[in-house]
Amino acid sequence: MTGPPNVLTCVHVIVVAAVVPNPPLLVPELVGGAVAETAPLRAASEAAVRRLAAAGARRWVAVAAHADGPRRVPQTATGTFAGFGVDVPVALGPSGDGRCLMDQLPMLVAGWLRGQASAQRHDVAVTGELLAPSTSAAACASRGAALVGELDGEPVGLLVLGDGARSHPAPGAGLVDVRAVPFDETVRDALATADTGALLDLDEQLAAELGATGRPAWQLLAGAVERTARPWRAELLYSAAPYGIAYHVAVWRPA
C-alpha cells in the first residue's frame, strides 16, 4: 500500500480531540455562590474530557496560547489555583513530583480537567504545548501537522484550550464590540462541523483585538486534523457568552 509518508500512523494516533475554554470559573471552589450558574459550562467541559478518557487515550497533549510560549510543559508538572484565590492543587500526570511547578492558567485548567476524568483513567498523563499568542495561522497549522508527525503511534487525545471573544453583550459586561458575535458564530459553526478551513481563516488581528485567546490552539487543531488525511466528525456541546466572554466546547473524532 502506498501513500503520503506517515499517513497510516497519523490516522490512528489522535483518537479524539476535545475543545474547551480555560476560565477559572470552571473550578467550583473559585466561583463562590455561582456554582449552579456556571454548571452548564462545567458539565460540558467535563463531558468533553471524559470522551478523551473513554477513547482509550492514556496520553493527552494540551495545547493553548500563553505568554510563556512557545514552550513544552512536562507531564510531571504540578500547580495550584492559589494565585486565583483558592489553593486547589492539580497535576498533569500521575507522577507529578513537585519539582516542575506550573502557573499558566491553561495548564492549570488542563490539570483540573484531567482530574475530573480520572475516575475512568487514573493513568492519564498530559503534556502541555504552549504557543505564543501572536503565532500566525500558518505557523499554528504547521505546528499542528508537526505535532502529529512527532507522535509515535500510541493513542493520543488532543485537549485544545482557549476562550472566544471577550466583548459580547451581557449583563454587567464591559466594553461591547459588535464584531464579537459574528466572530464567535464563525468559530461555533466551524467547531460544530469540523471545518478546518474556517478555523484557519480566522483573522489573527481581529482575534487579538477581541481577546479571543483560543485562536492559536484552534488553528493548531486544524493543522493537526488536516495532517491526518482523513475526514473528521464533530459534536458541539456548548457555545455561549454568559459573562460577555464566549466559551465553546466541542469534541472531534476521526470519521
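With θ taken as phi - 60° and the Karplus curve 6.51 cos²θ - 1.76 cosθ + 1.60 applied, the whole-hertz 3J(HN,Hα) list for segment 234-248 is 10, 9, 8, 9, 6, 7, 6, 10, x, 10, x, 10, 7, 10, 10 Hz, x standing for glycine and proline.
With Cα atoms as the point set, the radius of gyration and Dmax of segment 14-131 evaluate to 13.4, 38 Å. Per residue, the chain exposes 41 Å² of solvent-accessible protein surface, assessed with a 1.4 angstrom probe and all protein chains in place. Taking amide H as placed 1.01 Å from N in the peptide plane, Val73 has its amide H under 5 Å from the amide H of Gly128, Glu129, Leu130, each at least 5 places away in sequence or on another chain. The helix-based estimate of mean residue ellipticity at 222 nm for the chain, built from -39,500 (n - 2.57) per DSSP H run of four or more residues and divided by its residue count, is -10500 deg cm²/dmol to the nearest 500.
Comparing Gly79, Gly174, Gly56 in a Gaussian network model of the chain (Cα springs below 10 Å), the most mobile by mean-square fluctuation is Gly174. A probe of 1.4 angstrom, applied to the heavy atoms of all protein chains, finds Leu206 with accessible area near 40 square angstrom.
For Gly144, what charge total do you get from the other residues with a beta carbon under 14 Å from its beta carbon, if Lys and Arg give +1 and Asp and Glu give -1?
Numbers: positive: Arg143, Arg215, Arg227; negative: Glu129, Glu150, Glu226.
Computed value for this residue: 0.
Between Pro242, Leu202, Pro155, the Cα set farthest toward the positive side of the dipole of the chain (charges on each charged residue's Cβ, about the Cα centre) is that of Pro155.
What is segment 116-255 by shape, rounded, prolate or oblate, if you read a ≥ b ≥ c off the alpha carbon gyration tensor as root eigenvalues and call it rounded for a/c under 1.5, prolate for a/b larger than b/c, and oblate otherwise? Prolate, since a/c reaches 1.5 and a/b exceeds b/c. Residue ranking by accessible heavy-atom surface, 1.4 Å probe, largest first, among Tyr243, Tyr238 comes out as Tyr243, Tyr238.
Can you list the trypsin sites (Lys or Arg not before Pro) in segment 164-255 that are in a DSSP coil and have 14 or fewer other beta carbons within 10 angstrom?
Passing both the DSSP loop test and the Cβ count: Arg179.
Stretching the chain fully between Glu150 and Ser134 yields a gain of 3.4 nm (0.36 nm per residue, less the alpha carbon separation). GNM on the chain, alpha-carbon springs under 10 angstrom: the most fluctuating residue among Val16, Val90, Val31 is Val31. Each Lys or Arg adds one and each Asp or Glu takes one away; over the other residues whose Cβ falls under 14 Å from the Cβ of Leu237, this sums to +4.
Placing +1 on the Cβ of every Lys and Arg and -1 on the Cβ of every Asp and Glu, with no other charges, gives segment 83-163 a dipole of roughly 80 debye about its Cα centre. So who's got an amide H within less than 5 Å of the one on Leu237, skipping anything under 5 residues away but keeping other chains? H placed 1.01 Å off N, in plane. Those qualifying (amide H under 5 Å, at least 5 residues apart or on another chain) are Val249, Ala250, Val251. Of (1) 1.30; (2) 1.16; (3) 0.95, which is the value of Cα Rg over 2.2 N^0.38 Å derived from the coordinates here? The listed entry that was calculated here is (3). Glu209 sits among other residues whose Cβ lies under 14 Å from its own Cβ, and their net charge, with Lys and Arg +1 and Asp and Glu -1, is -1.
The values are calculated or read from the model by the stated rules, or taken from the named source; none is laboratory data. All figures in this text were calculated on a predicted structure; none of them were measured in a lab. Methodologically, a virtual Cβ is constructed for each residue, glycine included, from the backbone with ideal geometry; neighbour enumeration extends over all protein chains shown. The protein model used for the area step is the full one, side chains on, heavy atoms only, and it has no ligands, DNA or RNA in it. Shrake-Rupley method; radii C 1.70, N 1.55, O 1.52, S 1.80 Å.
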